[in-house]
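Okay, structure first, notes after.
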Amino acid sequence: MSNNIIPTNNSIEAVDDPEKLYHEINLLRIEGYYFCFDKKITKNATKHTVSEEIKTPDGTVRKEIILVPHKEYGRPSVLAYKILQATLKKYSEYSLPYPEGVHFTQRELARLIGRSSFGGWDTKKFIKAIMQLKSTEITFSFFFKKTKEWQMLTINIFHETLLKGRGNVITDLVLSLHPRFVESLSHRYAFCLNYDRMDKLEPIGVILFKRLFFYFSNIYSKNKRNDLIYTKDYADICEQWLGGLKVLKYKSKIMNEQLGNHLRALKESGLIKKVEVVKNELDDGFNLMFYPGKGFFDDYRRFYGEFLQLALPIRQKHEERYIKNPMVLVQYFYKKLFGKDEIDENILDASEVESASLLLEEHSFDDIKAWIDYSIQQAKKTSFEMKKFGGIKNYKTEFFIKQAQEKQKIVQQEKQNDRWAKEKERQRMEGIYRDYRLEKVATFKNTLSPEALKAIESSVQTEEAGKTDPNRPWFSAIVRYAVDSRLAKLAKVPSFDEWVEKQGK
């Protein structure tokens, strides 16, 4: 066995029901460009452009990827990558359709990113990593599974972040992937991974695991052979998968100083049984040849090809009500108070979030938002200096009185509109009935002889003369109407109410 092959013993067997992670495929494509795993260049906030090959129905094309890191926070680093993986894992625990954001306690997130504690210094680094995900902008081609179209998008991986804490200590968080990724996940443009196999891997190992499982699966789905091999250019792995990791010139350095430990960990996870590092055809670099292990085949048979989902809607509703919604309301208050789309505060005060949660026990989310709007508007009119979320309680009574009055007006207007609508409909039906009645009367009249019709008209005229002065100008119209009524009765034409009832049937 050559020294560039990873040993094959001690592979980890898959459990019957492993923890799962559902990974959106567009996100898999860009994360190698988005993140940086070289500490020497992580702080580099320079805009840079690369290109990728995309397979379309018209063939393979090259499209630009433009990354614009934030000038202060820099390019997303190793910690940011761990936070993203934790976020994807949390989304994977919800049922479809996926929520806009997912909730973590501080301890839960610390555990998922491999930390045992979260001190003040950790908090600063953690906030920075979150802001890297929220502020680093990437422009790339996004594939929409629903429409089967490619579109050029400019987005941030994290769309919104909510952090609750006491002082500078974080207690709870809500992290939201960009809605495009959430929508794509909900449309099942994703693949399923065995999270238990990935859990102990370092970020570079995680990236290699995800990429290899994805490409192994694509090959295996077309040709169910256990002897498949996936070959990838080493330089492309560094540049496209691993955030521009330095390309080394010697095989020994690649294995001993850069990728060897990660590849051994992949072998121990069961994903691969071996990997070979070989010279490429031009003899100016290396290729890595990956051989899938028993773990890959076990996982593929277990859940790949059929998108599984964990049904936890009760948990989802609970976290939205008791964690996310109170935090959203406090953030909404400060955005309205300062008139900004974003607020400078990174951590929402826990006592204010708890206060918002208590308000939700008595009032709806939308009512509290309207209450906030009203309070800030009235505070400006009365020159009241509102500084904290609790200030809205000063306007509680007048807001809900006004709201009740507005609701009553709406109810009354709806009733009036309903009456108008019913009257309009009755008039429309009466018009249809008149035409129907005239047609029936005309048809019946044609069945009568002139003598019979004249006898009816004479009888009706005599009856009406006993009721109304024949010399009045409208007497002839009264007679005509009465004759038609007599003929309708003889023709057994239903009354308007009877006709309407039949229409309903």
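The values are calculated or read from the model by the stated rules, or taken from the named source; none is laboratory data. If you're wondering where the values come from, they're calculated on a predicted model, not measured in any experiment. In this analysis, Cβ positions are derived from the backbone assuming ideal geometry, glycine residues included, and neighbour counts consider all displayed protein chains. When the accessible area is computed, the model is the full protein with side chains, heavy atoms only, and any ligands, DNA or RNA have been set aside. Shrake-Rupley method; radii C 1.70, N 1.55, O 1.52, S 1.80 Å.
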*Ignoring ligands, DNA and RNA, what percent of the accessible area of the range 51-91 is carbon or sulfur (1.4 Å)?*
47 percent
*Placed amide H near residue 293: partners under 5 Å, 5+ positions off or other chain*: 272, 273
*Would you mind working out the accessible area per residue for the chain, using a 1.4 Å probe, and quoting it in Å²?*
55 Å²
*To the nearest 10 Å², what's residue 169's accessible area with a 1.4 Å probe?*
80 Å²
*Does the range 393-505 come out rounded, prolate or oblate, given a ≥ b ≥ c as the square roots of the eigenvalues of its C-alpha gyration tensor, rounded meaning a/c under 1.5 and, failing that, prolate meaning a/b above b/c?*
prolate
*Rounded to the nearest 500, what is the 222 nm mean residue ellipticity of the chain from helices alone, with -39500 (n - 2.57) per DSSP H run of 4+ residues and division by all residues?*
-15500 deg cm²/dmol
*Given +1 on the Cβ of Lys and Arg, -1 on the Cβ of Asp and Glu, and no further charges, what dipole in debye does the chain carry about its Cα centre, rounded to the nearest 20?*
320 debye
_Helix 294-303 vs. the chain, principal-axis angle (Cα, 0 to 90°, nearest 10)_ = 10 degrees
*Could you tell me the accessible area of residue 150 in Å² (1.4 Å probe, neighbours in place), rounded to the nearest ten?*
80 Å²
*Once the dipole of the range 399-470 is set up with Lys and Arg at +1 and Asp and Glu at -1 on Cβ about the Cα centre, which of 400, 427, 461 lies farthest towards its positive end?*
400
*Sort 451, 463 by accessible area with a 1.4 Å probe, largest first.*
451, 463
*Can you put 289, 198 in order of accessible area, largest first, using a 1.4 Å probe?*
289, 198
*Of 365, 303, which has the most accessible area and how do the rest follow, probe 1.4 Å?*
365, 303
*About the Cα centre of the range 350-469, how large is the charge dipole given +1 on each Lys and Arg Cβ and -1 on each Asp and Glu Cβ? Please answer in debye to the nearest 20.*
300 debye
*Mean separation of Cα contacts under 8 Å, 6 or more apart, over the residue count of the chain: relative contact order %*: 16 percent
_Among the listed pairs 222/274; 89/388; 82/267, which have their C-alpha atoms separated by more than 25 angstrom in this model?_
89/388
*According to the Cα gyration tensor, what semi-axes, each the square root of 5 times an eigenvalue, does the equivalent ellipsoid of the chain have, listed from largest to smallest in whole Å?*
72, 35, 20
*Under Karplus coefficients 6.51, -1.76 and 1.60, residue-wise ³J(HN,Hα) of the range 419-431 in Hz, glycine/proline x*: 5, 4, 5, 5, 5, 5, 5, 5, 5, 5, 5, 5, x
*Rounded to a whole number, what % of the accessible area of the range 125-243 do carbon and sulfur atoms account for, probe 1.4 Å?*
46 percent
*Which of 263, 382, 201 sits farthest toward the positive end of the charge dipole of the chain, with +1 on the Cβ of Lys and Arg and -1 on the Cβ of Asp and Glu?*
263
_Let me cross-check residue 27: its accessible surface, 1.4 Å probe, with only protein heavy atoms counted, in Å² to the nearest 10?_
0 Å²
